[in-house]
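Engineer: I'd like to ask you about the structure that follows.
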């Protein structure tokens with residue numbers, strides 16, 4: 001059973017904080033839009049880290065931004081190795097986090113279902129009122 005607050009989780013949270021600052025301050029590519037580091041999952045052996053980022057834009061803009069981040073992964077890893085004292089600095093791999101988009105789609109579906117149910121209930125009530133007359 002894993003500990004409640006394992007070392008990989010602590011390292012992931014520290015990487016998330018550091019990467020959020022580094023991406024804003026160090027990457028000067030104008031094609032890179034607003035990027036939010038939402039989570040970092042570090043492998044148990046600390047050799048790899050999955051960095052989940054959220055960004056807005058079209059699919060093409062997101063694809064370009066993800067390419068920029070993955071190309072800058074070595075540079076970011078180098079800077080991180082100077083600021084964090086770890087024996088092994090994980091290799092970084094960036095992934096687009098789509099949880100917000102999925103959440104908004106689910107919310108829209110739920111709102112649509114609730115509105116449809118209300119409309120059907122209102123129609124049934126009207127039919128019942130007409131039958132009672």
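The values are calculated or read from the model by the stated rules, or taken from the named source; none is laboratory data. From a predicted model like this one, the values you see are computed outputs, not experimental measurements. Virtual Cβ from ideal backbone geometry, glycine too; neighbours counted across all protein chains shown.
Okay, residues lined up against (1) in contact with a helix residue (DSSP H, G or I) (Cβ under 9 Å, 6 or more places away or on another chain); (2) at pLDDT 90 or above; (3) surrounded by 11 or more Cβ atoms within 10 Å (Cβ to Cβ); (4) outside the structural domain of residue 12 (by TED's automatic domain parsing):
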| site | (1), (2), (3), (4) |
| --- | --- |
| 66 | no, yes, yes, no |
| 72 | yes, yes, yes, no |
| 75 | yes, yes, yes, no |
| 89 | yes, yes, yes, no |
| 93 | yes, yes, yes, no |
| 105 | no, no, yes, yes |
| 112 | no, no, no, yes |
| 115 | no, no, no, yes |
| 118 | no, no, no, yes |
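Engineer: Considering each of 41, 60 in turn, give the residue that is in the same structural domain as residue 6 (by TED's automatic domain parsing), surrounded by 14 or more Cβ atoms within 10 Å (Cβ to Cβ) and either without any contact (Cβ under 8 Å) to a residue 40 or more places away in the chain or in a loop (DSSP other than H, G, I, E, B) (or both).
Structural biologist: Values: 60 fails: surrounded by 14 or more Cβ atoms within 10 Å (Cβ to Cβ).
41 is the lone residue from the list that is in the same structural domain as residue 6 (by TED's automatic domain parsing), surrounded by 14 or more Cβ atoms within 10 Å (Cβ to Cβ) and either without any contact (Cβ under 8 Å) to a residue 40 or more places away in the chain or in a loop (DSSP other than H, G, I, E, B) (or both).
Per-residue answers, yes or no, for (1) crowded, with 16+ Cβ neighbours inside 10 Å; (2) at pLDDT below 90; (3) in contact with a helix residue (DSSP H, G or I) (Cβ under 9 Å, 6 or more places away or on another chain); (4) part of a strand (DSSP E or B):
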{"site": "4", "(1), (2), (3), (4)": "no, yes, no, no"}
{"site": "22", "(1), (2), (3), (4)": "yes, no, yes, no"}
{"site": "28", "(1), (2), (3), (4)": "no, yes, no, no"}
{"site": "32", "(1), (2), (3), (4)": "yes, yes, yes, no"}
{"site": "54", "(1), (2), (3), (4)": "yes, no, yes, yes"}
